[in-house]
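What follows is one structure encoded as structure tokens, with my remarks underneath.
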Protein chains: 2
Amino acid sequence: MKFAFLLYEGMTALDLIGPHEILSRLPGVTAMRVARQAGPVHTDSGISLIADAGFADVMHADILLVPGAGDATAMQDDPATLDWIRRIDATTRWTTSVCTGSLILGAAGLLRGRRATSHWAALDRLAAFGATPTSARMVEDGKVITSAGVAAGLDMALAFAARIAGERVAHGLQLGIEYDPDPPFDSGHPDKADPALVARLRALMTAAFVAAPIPHERSPGQDAAAPETLRHPQP
Amino acid sequence: MKFAFLLYEGMTALDLIGPHEILSRLPGVTAMRVARQAGPVHTDSGISLIADAGFADVMHADILLVPGAGDATAMQDDPATLDWIRRIDATTRWTTSVCTGSLILGAAGLLRGRRATSHWAALDRLAAFGATPTSARMVEDGKVITSAGVAAGLDMALAFAARIAGERVAHGLQLGIEYDPDPPFDSGHPDKADPALVARLRALMTAAFVAAPIPHERSPGQDAAAPETLRHPQP
């Protein structure tokens with residue numbers, strides 16, 4: 001079973017590494033880390049990850065995972081990436097996202113008429129892509145599974161692991177990574193955190209969204225030859 | 001404030017990326033990702049991370065974080081790394097570890113007479129380094145803070161963020177990464193998982209430990225010119 005994990009400049013590392021730590025260990029899984037080109041990809045916390053394949057190398061996947069980004073990069077107009085996502089989605093059994101990765105699925109036209117979730121501060125924006133914003137840790141609609149912000153990817157990955165390999169395997173993976181969460185505070189959701197803090201964070205994130213326009217949807221194939229627009233690694 | 005995150009071949013990516021996603025975003029923090037040499041480092045789930053500095057480039061840090069490894073690599077005899085850890089520890093305000101990273105701190109001689117935790121399946125081995133194995137999600141003893149397996153690094157990082165930058169900032173970071181955990185199963189701790197599963201995982205992990213002998217402790221400085229023993233990236 002082939003898992004394609006999308007990497008792109010400005011992504012949030014934990015969106016990918018959390019699920020990858022679980023899903024790449026499933027029996028029979030081949031994990032592919034795919035970016036526009038093979039090589040280093042900068043994430044939004046400063047650390048770089050390495051993609052071992054480029055878009056041209058991967059034409060098929062059973063499962064696709066699209067991570068989000070903390071700044072507006074995820075919403076940049078990036079036809080080459082959107083086109084690759086559509087091409088791979090046409091071959092997947094499941095197409096998944098973590099955090100604002102769902103906005104990228106939306107921009108690729110894959111959420112039309114579907115319920116979907118995202119980072120809480122970005123949830124409303126899903127409607128612009130014809131999706132029904134649904135506030136939940138994980139939302140499944142047909143073959144598309146979206147999860148909420150960053151850390152929600154761990155919960156999604158465990159649920160997904162059980163579906164693919166059975167609950168026993170999922171329990172073993174949870175025990176293996178000692179995922180027995182005990183955060184020292186209870187501020188992980190806008191319903192629980194101080195409203196002033198929620199408002200401030202929402203404003204900051206909305207500013208980032210507004211700085212980058214929502215990519216307009218395109219028809220499949222239309223953008224294959226479009227110029228690259230993503231930020232590239234600085235030497 | 002300078003944070004040094006140690007990277008090494010065979011490490012577990014999530015041990016580092018979880019805390020890094022939180023701690024690197026603290027105001028006034030400079031995060032350094034340091035390995036024997038700058039460049040790619042393979043992790044035990046297959047993805048590679050990039051170290052942007054080598055040991056020779058970093059002589060001081062306010063905080064050091066040492067991640068663990070799922071296989072025996074963490075316990076390999078690696079004098080150059082142990083020596084660098086001791087050198088940096090001599091300059092830190094806090095020295096921290098995630099998962100079996102505490103075994104590396106132990107091998108460096110930094111846990112003698114201290115209480116410490118580790119991945120549940122490795123906890124007993126801390127005694128070999130003169131530490132008192134302490135089953136807890138996070139253990140603080142003097143300036144050394146150790147955390148339990150993999151995902152415990154997130155909880156430690158949040159507690160640590162509050163200490164450094166105040167609870168308000170920590171709440172904001174928790175909300176930002178939507179760390180409102182809701183795992184679909186409750187198998188993340190040996191006290192909660194099926195005992196047969198615990199026994200099987202413990203046997204697997206113990207086999208990995210036995211395959212690699214515990215590095216004997218050395219005096220600071222003794223190993224500066226020792227040959228490298230870690231596995232290096234395959235081309």
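When you look at the Cβ of every residue in A:11-24, what mean number of other chain Cβ atoms sits within 10 Å?
Partner-chain Cβ atoms within 10 Å, mean over residues of A:11-24: 6.
Is there a simple number for the mean count of other chain Cβ atoms within 10 Å of the Cβ of residues in A:94-102, and what is it?
0
Sort A:141-149, B:6-14, B:165-173 by packing, meaning the average of other beta carbons within 10 Å per residue, with the highest value first.
Taking the mean over residues of other Cβ atoms within 10 Å, the ranking is B:6-14, A:141-149, B:165-173.
State the dimensionless ratio Rg/Rh of segment A:1-137 (Rg: radius of gyration of Cα atoms; Rh: Kirkwood radius).
Ratio of gyration radius to Kirkwood radius: 0.93.
Cut-off under 19 Å on the C-alpha distance; same-chain residues fewer than 8 positions from A:LYS143 excluded. Which aspartates and glutamates are left, in chain and number order?
A:ASP62, A:ASP83, A:ASP89, A:ASP155
Can you list, shortest first and in nm, the gaps between the label point of A:ARG163 and those of its counterparts in the other copies, using a point 7 Å from Cα in the C-beta direction?
Here A:ARG163 shows inter-copy label distances of 4.0 nm.
Taking Rh as the Kirkwood radius, which is the inverse of the mean 1/r over Cα pairs, what is the Rg/Rh value for the protein assembly as shown?
For the protein assembly as shown, the value is 0.96.
For segment A:84-142, just the Cα atoms, rotate onto the principal axes and tell me the three extents in Å, largest first.
Taking max minus min along each principal axis of the Cα atoms, segment A:84-142 gives 30, 20, 18 Å.
If you take each beta carbon of peptide A:163-174 and count the beta carbons of other chains within 10 angstrom, what is the mean?
Taking the mean over all residues of the peptide, I get 4.
Would you give the gap between the C-alpha center of segment B:46-68 and the C-alpha center of segment A:22-46, rounded to a whole Å?
20
Using modelled amide H (1.01 Å from N, peptide plane; none on Pro or chain starts), what sits under 5 Å from the amide H of A:ASP141, excluding residues fewer than 5 places away?
A:THR146
Can you give the direction-averaged projected area of the convex hull of the alpha-carbon atoms in chain A, in nm²?
Mean projected area for chain A: 12.5 nm², to one decimal.
How long is the gain from A:THR30 to A:MET1 if the chain were fully straight, where each residue apart is worth 0.36 nm and the alpha carbon distance is subtracted?
The span from A:THR30 to A:MET1 would gain 9.8 nm if fully extended.
What is the calculated FRET efficiency for B:ASP57 to B:ASP141, with r their C-beta to C-beta distance and R₀ = 25 Å, to the nearest 0.05?
0.25
None of the figures in this text is laboratory data; all of them are computed from the coordinates on show. What you are looking at is a predicted structure, and each value in this text was computed from that prediction instead of being measured. Counting neighbours? That spans all protein chains shown, and the Cβs are built from the backbone with ideal geometry, glycine included.
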